[in-house]
1. Taking a quarter of the surface of the convex hull around the Cα atoms of region 86-168, what do you get in nm²?
2. Starting from the Cα-Cα distance between residue 53 and residue 155, subtract it from 0.36 nm times their residue separation and give me the gain in nm to one decimal.
3. What's the Cα-based Rg to Rh of region 39-188, Rh via Kirkwood?
4. Consider a paramagnetic label point 7 Å from the Cα of residue 230 along Cα→Cβ; state which residues of region 185-204 have an amide N under 18 Å from it.
5. Within 10 Å of each residue's Cβ, count the other Cβ atoms and sort 207, 54 from fewest upward.
């Protein structure tokens, strides 16, 4: 992946970060514009991308390593190695300096797009995306972008000539210690054949603990908009580890 600066045709900008802080607004901090005592703004003159389309699905602050991590999808052959879909991820430090960057698909792990992300209690980044036309989960170390784990999912009985349509969004969570059996689990939700699927997968053994399908059974017209449910975000209750919340449409 290339790092490109100050190019007007680029598709996205890692430029604005608002950090909640208790620093007194009267105290000047280099590089920061004073807004309030609770929120400060910092601008990075950094752009990254190619001559075609880049889609950013994840932008978050890694508190442990104090990095800004960005991930998504690119179709630019002058950003990724070819013009087909490639997932990408990169990290900047708090001064806007390039720390690491990776692209995926064809040359490494088969991921064509990253659509969801979360940071687990170990400080590792967990991505949900698509690779080889099926959903994938990838876990990596945010300090250097090293891939730690990778798992893909497809429907039982699928073949190269008979494969369902999938769609991934932002619904991914990693519970590193389950309350019931003390095992680590990925929770993920995505669309398969116009129905929402939600899985609980052991992140050590990759064994599926359970899988539920949600579909509106009252529709007999076959209208796609009535059947499809889009899982946007998946969160664990901060006060009750036995509860999960799924937000979507």
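1. Working: hull surface 25.2 nm².
So the mean shadow area of the Cα hull is 6.3 nm².
2. Values: separation 102, 0.36 × 102 = 36.72 nm, distance 3.03 nm.
Contour length minus Cα-Cα distance gives 33.7 nm.
3. Values: Rg = 16.2 Å, Rh = 16.3 Å.
Using only Cα positions, Rg/Rh for region 39-188 is 0.99.
4. Answer for region 185-204: 189-198.
5. Working: 207 11, 54 20.
Taking fewest neighbouring Cβ atoms as first place, the list is 207, 54.
A short reminder: the numbers here are calculations on the coordinates, not readings from a lab. Keep in mind it's a predicted model, so treat the numbers as computed, not measured. We place every Cβ from the backbone using ideal geometry, glycine too, and count neighbours over all the protein chains shown.
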